[in-house]
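Trainee: For reference, the structure I am asking about is given below.
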Amino acid sequence: MTKGTAVELVPYDPDWPAAFQRIRGKLERLLAPHVVTIEHIGSTSIPGLAAKPLVDIDIILRHSDDVTPATQLLLDQNYEPRGNRYDDDVWAFMLRGGTPPERIYLCSPDNQTHQRRMIFRDHLRSHPEDMAAYSTLKQGLAEHYRHDGDRYTAEKRHFVDAIIEKALRASQG
């Protein structure tokens, strides 16, 4: 999202997991020789959590050399390139025409951004009190930064980092 783009949150839709499975199947067929795994990430992957109405997906590639051919395959299917915005070896793409829209991320192997997303998702799935706190934070930020998607995302960073640290401490002790 960018400044000027409305931040729209909707209640959790129990159809999101099935939508992910359908999209995953399509992406596996399209990108088969390049993919290690395809994961549902973001708020639509957490049951009960309000979210922007689009499915976020991380695609972990076999090798960093797979980024170029995988990118071309996505472009050929009308995915809009969004670049490597945070210089973290994660290339973003949007497909707006689907129901729901899709935001795809191509990730190099052992990508730390992907690993952090998985830790955060898995923690919120198994800790309803943290999921509820995140939901409250998101709702407040969506109201406050209704027309500034970048600021909405940036303002969640401290909470996300704290949850990841909490999850890592719990897994070590």
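The values are calculated or read from the model by the stated rules, or taken from the named source; none is laboratory data. Since the structure is predicted, the reported quantities are computational estimates derived from the model, not experimental observations. All Cβ positions, even for glycine, are placed from backbone atoms using ideal geometry, and neighbour counts span all protein chains on display.
Trainee: I'm checking my understanding of the structure. Among residues of the stretch 97-133 that are part of a helix (DSSP H, G or I) and among the β-branched types (Val, Ile, Thr), which one is modelled with the highest pLDDT?
Mentor: ILE119
Trainee: Also: For residues that are of a type in the set (A, V, I, L, M) and touching a Ser or Thr at 6+ places or on another chain (Cβ under 6 Å), tally how many sit in the stretch 71-90.
Mentor: 1
Trainee: Only one of ASP130, ASP148 is more than 15 Å from the chain's Cα centre (by Cα), farther than 19 Å from ILE59 by Cα and buried (at least 19 other Cβ atoms within 10 Å of the Cβ). Can you tell me which?
Mentor: ASP148
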